[in-house]
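Working notes, structure below.
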Amino acid sequence: MAAATIRRIRVQPLSARAELASVLRASMAVVIGSWIFLAAGSASLREAGTATRNLLPFQVLIQDRPSSDQRMFRELQEGLLEAETRRTTTGSWPAVPTLAGDGVPPFAFDPTVKGAQYDWSLTQSGTFVNYFGIPRQPNAPAWLLVVLEPEPGAPPDPAREDEEHHKLITGVMLHVSTWTRADGRVANRIVRTPQGEGWTQLYAVGPSPVQPVPRQP
C-alpha cells in the first residue's frame, strides 16, 4: 500500500493592518445594513412628517427616487466606507483604479448593470475630497461623493456619528455627503458647495435635527 502523502501548511496570523481592515469591513457591513433597515421604514416616517421636516430644498430621501438611483446610492455608501477603511490603514484616499481593481462598487465594472456606465475619478484639494461619476450615456445623471476632512490642528468635532458624520477608527471625524445631478454634463473639478451648482443631496433616513447650543451660565 502506498504511503499517504503528508502536506505541511504554514498558518500565519493576519498582520495588524489586515486585521484592522477586516474589522473595519465588518463594521462597514453593519452600518450599511442599519441604513438600509432605517430607509425601509422611512415611508411610515414620512406619513408622520418627521423624515422630511429637516430637509432643505436641495435635499431628498433616496426612497423617493427611481430604483436605479437607489441602487447607485447603496453602492456609493459601500464604496465610500471601503475608501474610508483604506484611508484609515494607509493614510490616503484610494485611487479609483485601485478600488475598481479590487471589485469595489460602483467603481468596478459590473456587466449585470443594464443602466448607464460611468467614468469615476478622484479629485482632492486641501481638506476636500471628491469621487466623481460622470455618465458615458446622454440623459443619465452624474454622481458625486463629497468628503470634508478636519483642518490640521482643529479641535475634535463633537458631532455624533450619522449619515453625514463618519468617524474613523483613528478618531478623525469626516463630513460626508452623496449627491446627484440630472444634467450629467459637469466639469471634473473639485466641488465644495454642490447645492450652489445644481446638485441634489440624497439621504437614507434624513438629516439629524440641529441640536441647540447650550447657554453658558
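The values are calculated or read from the model by the stated rules, or taken from the named source; none is laboratory data. These numbers were taken from a predicted model, which means no experiment stands behind them. Neighbour counts are summed over all protein chains in view; Cβ atoms, including those assigned to glycine, are modelled from backbone coordinates with ideal geometry.
Restricting VAL191, VAL176, VAL186 to residues that are assigned to a loop (DSSP other than H, G, I, E, B), touching a residue at least 40 places away in the same chain (Cβ under 8 Å), in contact with an Asp or Glu (Cβ under 7 Å, 6 or more places away or on another chain) and under 19 Å from GLN124 (Cα atoms) narrows the list to VAL191.
Output yes when any residue across segment 126-137 is farther than 19 Å from ARG71 by Cα, touching a residue at least 40 places away in the same chain (Cβ under 8 Å), outside any loop (DSSP other than H, G, I, E, B) and among the hydroxyl-bearing types (Ser, Thr, Tyr), and no when none is. Within segment 126-137 (the criterion being farther than 19 Å from ARG71 by Cα, touching a residue at least 40 places away in the same chain (Cβ under 8 Å), outside any loop (DSSP other than H, G, I, E, B) and among the hydroxyl-bearing types (Ser, Thr, Tyr)), the answer is no, since none of the residues qualifies. Taken over segment 162-173, the criterion of being without any contact (Cβ under 8 Å) to a residue 24 or more places away in the chain and closer than 26 Å to TRP120 by Cβ is satisfied by HIS165, LYS167, VAL172, MET173. Scanning segment 184-217 for residues that are modelled with pLDDT of 95 or more, more than 19 Å from GLU82 (Cβ to Cβ) and not small (Gly, Ala, Ser) yields ILE190, VAL191, ARG192, THR193, PRO194, GLN195, GLU197, TRP199, THR200, GLN201, TYR203. Within segment 51-59, one or more residues are in contact with a Ser or Thr (Cβ under 7 Å, 6 or more places away or on another chain) and at pLDDT below 95. The single condition among (1) at pLDDT 95 or above; (2) loosely packed, with under 14 Cβ neighbours inside 10 Å; (3) of a type in the set (A, V, I, L, M, F, W, C) that VAL129 does not meet is (2).
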